[in-house]
Amino acid sequence: MSKLISDKFKDWEKLCDERFRKLKENEEKLNSFFISAYGLEDELTPEVADEDITIRRADLQREIKSLISYAVGCIFGRYSLDRGGLCYAGGEWDNSAYSTIIPCEDNIMTINSADSGLTAAVVSFVEKVYGSDTLEENLSFIAEALGGNGEPRKVIHDYLRKSFFKDHAKIYRSRPIYWQFSSGSKKAFKALMYIHRYNADTLSVLEKKYAIPYYEQLKTELAAVINIHKSSNGAEKTGARRNISRIQTLILEMEGFLQHIHILAAEKITLDLDDGIKNNYEKLKEILE
């Protein structure tokens, strides 16, 4: 049965607001009791400001970001729609735990295109959970909640590429469980992994299955733009020249990134999460954001 995320949020908002109002009323009654008991009527009032209530109210953007975070968790196998609570955080992997959303096979999700990688997986999550009939409406609702303009998939992709990891790291107090690979300041290449599924072969997979093909793709794009530049005039030629410069910069960054990955992959680095997130992060910091 198809569902609208907006309807689900409205239900959640109503529930939060009843709980919020009920709690506020209770706190103000308690305040009135203690003010009366201690004779403080001339000094204090029982009213409580909304921001002082000890329960969070429904916030659309925050809840949508939480939904996306949960989707990412399902994509990596941390959570499963078929089992409640935390599904995998190390130990023995159980394929039978996943049927609605099958986690990514190799623990790497690229964030380089709105049509593939993590963005496509999040869109697929929304479609499977809420139905194909309402997919476009739900994607538009998510995009609007994120504060973006333009085509919904692009807005969602931009959030995943530019802001998801920052939000995640903030929530986890700079001890993220999803780590973001980044080629450098120009952001030619980005990908996420889940630390509890990392193994000594993960970097080799990153290099051979994802980074090298993307590097080759950039070189193919460069050759095509060079041909356009040769055969064009005026504004088209100027635009092609800019594209040539942009792609050359990305290729240069990718070459340095590939060198770092190749060296680290050959070392077969392992992580020991008992040493803490920060200590393990140091082992791969040259290729992480």
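Out of all the residues in region 200-231, which are closer than 23 Å to residue 264 by Cα and in contact with a Lys or Arg (Cβ under 9 Å, 6 or more places away or on another chain)? If the condition is that a residue be closer than 23 Å to residue 264 by Cα and in contact with a Lys or Arg (Cβ under 9 Å, 6 or more places away or on another chain), then 200, 201, 203, 204 are the ones that fit. The condition (being surrounded by 17 or more Cβ atoms within 10 Å (Cβ to Cβ) and within 23 Å of residue 250 (Cα to Cα)) is satisfied by just one residue among 203, 135: 203. Do we find a residue being farther than 19 Å from residue 66 by Cα, charged (D, E, K, R) and out of contact with any Asp or Glu (no Cβ under 6 Å at 6 or more places or on another chain) anywhere in region 106-118? Yes.
So that you can scan it fast, the table gives a plain yes or no per residue for (1) more than 23 Å from residue 188 (Cβ to Cβ); (2) surrounded by fewer than 18 Cβ atoms within 10 Å (Cβ to Cβ); (3) β-branched (Val, Ile, Thr); (4) touching a residue at least 24 places away in the same chain (Cβ under 8 Å):
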position: 72; (1), (2), (3), (4): no, no, yes, yes
position: 87; (1), (2), (3), (4): yes, no, no, no
position: 107; (1), (2), (3), (4): no, no, no, yes
position: 124; (1), (2), (3), (4): yes, yes, no, no
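Close Cβ contacts (under 8 Å, 6 or more residues apart or on different chains) running from residues in region 18-44 that are more than 20 Å from residue 57 (Cβ to Cβ) and aromatic (Phe, Trp, Tyr) to residues that are part of a helix (DSSP H, G or I) and at pLDDT 75 or above are absent.
Residues in region 141-162 that are surrounded by fewer than 15 Cβ atoms within 10 Å (Cβ to Cβ) and either of a type in the set (Gly, Ala, Ser) or modelled with pLDDT under 95 (or both): 147, 149, 150. The residues on offer are 20, 9, and the sole one that is in contact with a Lys or Arg (Cβ under 9 Å, 6 or more places away or on another chain) and under 30 Å from residue 142 (Cα atoms) is 20. Set side by side, the residues 223, 235, 191, 200 differ, and just one is part of a loop (DSSP other than H, G, I, E, B) and not charged (D, E, K, R), which is 200.
Please go through region 238-276 and give me each residue that is free of Cβ contacts under 8 Å to residues at least 60 places away in the same chain and outside any helix (DSSP H, G or I), ordered by number. Within region 238-276, 267, 272 qualify.
The values are calculated or read from the model by the stated rules, or taken from the named source; none is laboratory data. Note that the structure is predicted; figures quoted are calculated from it, not measured. No Cβ is skipped: glycine too gets one built from the backbone with ideal geometry, and neighbour counts run over all protein chains shown.
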